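*Asks:* One structure is given below, represented as structure tokens, and several questions about it will come after.
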Amino acid sequence: MNTAIAPDPAPPHAVPDAAPSTADLSVRFQAVRGFTRTLVETMETEDFVVQTMEDVSPTKWHLAHTSWFFETFVLSPHLPGYAPFHPQYAYLFNSYYVQAGERHCRDRRGYLSRPTVADVMAYRAHVDAHMTQLLDGDVPDEVAALVEVGLHHEQQHQELLVTDIKHVFSVNPLRPVFREGTGDPGQGEASPLSWIAFEGGVHEIGHQDEGFHFDNEAPRHKTYVQPFRMASRLVTCGEFMEFMADGGYRRPE
């Protein structure tokens with residue numbers, strides 16, 4: 001996974017304020033990586049490789065890309081003696097990290113029948129084993145901060161993975177289901193909706209607490225906010241469907 005161009009010590013999309021403890025980080029690493037595996041456990045092998053449009057990435061690519069992140073930014077520079085799993089995975093599974101080297105075209109990720117899904121799972125296992133080795137020792141704050149960024153990065157891709165596979169399933173006339181529901185969607189009633197008024201004025205926005213934040217959450221600053229109202233609860237799926245049926249996407253008011 002090493003490239004001729006050295007990657008930034010921390011990708012530019014997130015900023016860790018303080019490194020978490022090594023013990024906590026190890027537990028969180030296992031939890032986040034494990035949840036990604038849980039997301040795909042109901043899928044068939046054929047589901048992992050489909051790309052239905054340029055903005056969709058195959059599930060297999062998400063699984064490999066998140067592993068590439070840890071390999072490139074954590075293991076290769078910080079675990080002595082680490083050997084990349086495959087010399088071409090750096091090219092196949094980079095996304096937009098220009099300083100980490102060249103990358104495969106985004107709109108052609110679905111062209112790749114190889115590496116297989118089994119190969120990608122073996123890649124994840126390889127990275128996980130070496131990350132466990134790294135986190136079992138004394139982890140410098142700089143490295144812990146990188147791992148923290150990597151975990152938030154993987155959680156972002158968990159959301160993307162689900163969004164993308166749902167698009168893949170949506171264009172299939174068989175209407176496959178990503179995951180069966182656990183209850184009757186018509187069960188229960190939403191609480192009455194009311195509107196809560198907020199005064200306008202100068203307010204502070206942006207990150208202020210200790211811990212991780214994304215770079216677009218800083219710096220904290222003052223801004224003028226117009227008076228507004230917010231609903232007392234989340235909109236239900238039924239209410240949103242009524243909004244669409246009433247022409248909500250066609251009527252600008």
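*Asks:* Can you tell me which of H86, H130, H65 is assigned to a helix (DSSP H, G or I), of a type outside the set (K, R) and open to solvent by 20 Å² or more (accessible area, probe 1.4 Å)? Let's see the steps before the verdict.
*Replies:* On the way: H86 fails: assigned to a helix (DSSP H, G or I); H65 fails: open to solvent by 20 Å² or more (accessible area, probe 1.4 Å).
Result: H130 is the single residue among H86, H130, H65 that is assigned to a helix (DSSP H, G or I), of a type outside the set (K, R) and open to solvent by 20 Å² or more (accessible area, probe 1.4 Å).
*Asks:* Looking at D107, D47, D24 in this structure, which one is surrounded by fewer than 14 Cβ atoms within 10 Å (Cβ to Cβ), in contact (Cβ under 8 Å) with a residue 24 or more places away in the chain, among the acidic types (D, E) and not in a loop (DSSP other than H, G, I, E, B)?
*Replies:* Details: D47 fails: surrounded by fewer than 14 Cβ atoms within 10 Å (Cβ to Cβ); D24 fails: in contact (Cβ under 8 Å) with a residue 24 or more places away in the chain.
That would be D107, the only listed residue that is surrounded by fewer than 14 Cβ atoms within 10 Å (Cβ to Cβ), in contact (Cβ under 8 Å) with a residue 24 or more places away in the chain, among the acidic types (D, E) and not in a loop (DSSP other than H, G, I, E, B).
*Asks:* When both residues are 6+ apart or on different chains and their Cβ atoms are under 9 Å apart, which pairs have a first residue that lies in region 230-253 and is farther than 12 Å from A190 by Cβ, and a second that is assigned to a helix (DSSP H, G or I) and open to solvent by 100 Å² or more (accessible area, probe 1.4 Å)?
*Replies:* These pairs meet every condition: G248/E242.
*Asks:* Shifting gears a bit: Do the conditions hold for Y111, that is, is it touching a Cys at 6+ places or on another chain (Cβ under 9 Å) and modelled with pLDDT of 95 or more? It would help to see each step written out before you state the result.
*Replies:* On the way: touching a Cys at 6+ places or on another chain (Cβ under 9 Å): yes; modelled with pLDDT of 95 or more: yes.
Yes: the conditions hold for Y111.
*Asks:* Here's a follow-up. Of (1) out of contact with any strand residue (DSSP E or B) (no Cβ under 7 Å at 6 or more places or on another chain); (2) more than 30 Å from T72 (Cα to Cα); (3) not in a loop (DSSP other than H, G, I, E, B), V177 satisfies all except one. Which?
*Replies:* All conditions are met except number (3).
*Asks:* Does region 187-199 contain any residue that is touching a Ser or Thr at 6+ places or on another chain (Cβ under 8 Å), more than 28 Å from S26 (Cβ to Cβ) and assigned to a helix (DSSP H, G or I)?
*Replies:* No: zero hits.
*Asks:* With the structure loaded, tell me whether R37 is within 14 Å of the chain's Cα centre (by Cα), over 12 Å from D164 (Cβ atoms) and either surrounded by 12 or more Cβ atoms within 10 Å (Cβ to Cβ) or among the polar types (S, T, N, Q) (or both) or whether it fails that test.
*Replies:* On the way: within 14 Å of the chain's Cα centre (by Cα): yes; over 12 Å from D164 (Cβ atoms): yes; either surrounded by 12 or more Cβ atoms within 10 Å (Cβ to Cβ) or among the polar types (S, T, N, Q) (or both): yes.
Here the answer is yes, as R37 does meet what is asked.
*Asks:* Also, quick follow-up: Kindly indicate whether any position in region 68-77 is closer than 22 Å to A144 by Cα, touching a residue at least 60 places away in the same chain (Cβ under 8 Å) and of a type in the set (D, E, K, R).
*Replies:* yes
*Asks:* Does region 94-104 contain at least one residue that is in contact with a Gly (Cβ under 7 Å, 6 or more places away or on another chain), closer than 14 Å to F69 by Cα and modelled with pLDDT of 95 or more?
*Replies:* Yes, that holds for at least one residue.
*Asks:* How about region 141-162: which of its residues are open to solvent by 10 Å² or more (accessible area, probe 1.4 Å) and either among the basic types (K, R) or in contact (Cβ under 8 Å) with a residue 12 or more places away in the chain (or both)?
*Replies:* D141, E142, A145, E148, H152, Q155, H157, Q158, L160, V162, listed by residue number.
*Asks:* Take the residues of region 50-62 that are part of a loop (DSSP other than H, G, I, E, B) and hydrophobic (A, V, I, L, M, F, W, C): which is surrounded by the fewest Cβ atoms within 10 Å (Cβ to Cβ)? I'd like the intermediate steps shown before the answer.
*Replies:* First, the residues of region 50-62 that are part of a loop (DSSP other than H, G, I, E, B): 50-58.
Then drop every residue that is not hydrophobic (A, V, I, L, M, F, W, C), which leaves 50, 53, 56.
On the way: V50: 18, M53: 11, V56: 22.
Looking at residues that are part of a loop (DSSP other than H, G, I, E, B) and hydrophobic (A, V, I, L, M, F, W, C), I get M53.
*Asks:* Here's another thing I want to ask about it. What number of residues within region 202-253 satisfy the criterion of being surrounded by fewer than 11 Cβ atoms within 10 Å (Cβ to Cβ), in contact with a Phe, Trp or Tyr (Cβ under 9 Å, 6 or more places away or on another chain) and outside any loop (DSSP other than H, G, I, E, B)?
*Replies:* Here the count works out to 3.
The values are calculated or read from the model by the stated rules, or taken from the named source; none is laboratory data. Please read all numbers here as calculations on a predicted model, not as lab measurements. Note that each Cβ is placed from the backbone with ideal geometry, even for glycine, and that neighbours are counted across all protein chains shown. Note: accessible area is taken over every heavy atom of the protein model, side chains too, but ligands, DNA and RNA are not part of it. Shrake-Rupley method; radii C 1.70, N 1.55, O 1.52, S 1.80 Å.
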